[in-house]
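One structure is given below, encoded as structure tokens.
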Amino acid sequence: MAGFTRDPELEASTNRWMRAGVVLLAGLVVAFPLYRVWEPGNRESAREAQRASLAQQGAEIWTLNCAGCHGGNGAGVDAPALNSQQFLRVANDDQMRLFVSVGVPGTDMSAFSQDFGGPLTTEQIRAVVAFVRSWEPDAPDRPDWRAPTTG
């Protein structure tokens, strides 16, 4: 080939970079499936930690804003018992957030969201719902959960 000279040093450098690229590519090909196996467990652990943290914050908010009517452990005082299998089975988190946010028409349950004149932020309402949801594994069987325990 006229006009081109062979540069052994350039060729050696190029070959080293190509080998490094192949090794890197092979490493990624192996690492990606391992990551896909390992990562879901990490995500679930992070979700559990977040739920526990929210529930802990929710317990404090519950004591200040909800326990007077629903009781410290949610067994109900002048309002329904939310710590019951029946309530926790039928009410999903979105419904609970809505009840707390806007209140329940025709009852003494007023709106607690700042958007509706109440004292709680959206994050605080999420925390209260997480706290109520934390009762679910040990919730008692209370078919009468709607009836306040005292009048």
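Among E44, E60, E11, which one shows the highest mean-square fluctuation when the chain is modelled as a Gaussian network with alpha-carbon springs under 10 Å? Among E44, E60, E11, the largest GNM mean-square fluctuation belongs to E11. Estimated from helical segments only, the mean residue ellipticity of the chain at 222 nm is -20000 deg cm²/dmol, where each DSSP H run of four or more residues counts as -39500 (n - 2.57).
Over all pairs of different C-alpha atoms, the chain has a mean inverse distance whose reciprocal, the Kirkwood radius, equals 19.5 Å. Residue separation of V22 and L64 scaled by 0.36 nm, minus their Cα-Cα distance, works out to 9.0 nm of gained length.
Using 5 Å bins from zero, what percent of all Cα-Cα pairs in the range 28-67 falls into each bin? The distribution over the range 28-67 is 6, 21, 14, 13, 11, 9, 8, 6, 6, 4, 2, given as percents.
Would you look at the GNM of the chain, springs on alpha carbons closer than 10 Å, and say which of V23, V90, V104 moves the most? Greatest mean-square fluctuation among the candidates belongs to V23. For the chain, relative contact order (Cα pairs under 8 Å, six or more residues apart, normalised by length) works out to 27 percent.
Computed from the coordinates by the stated procedures, all read-outs in this text should not be read as laboratory data. Keep in mind that this is a model prediction, so the values were computed, not measured.
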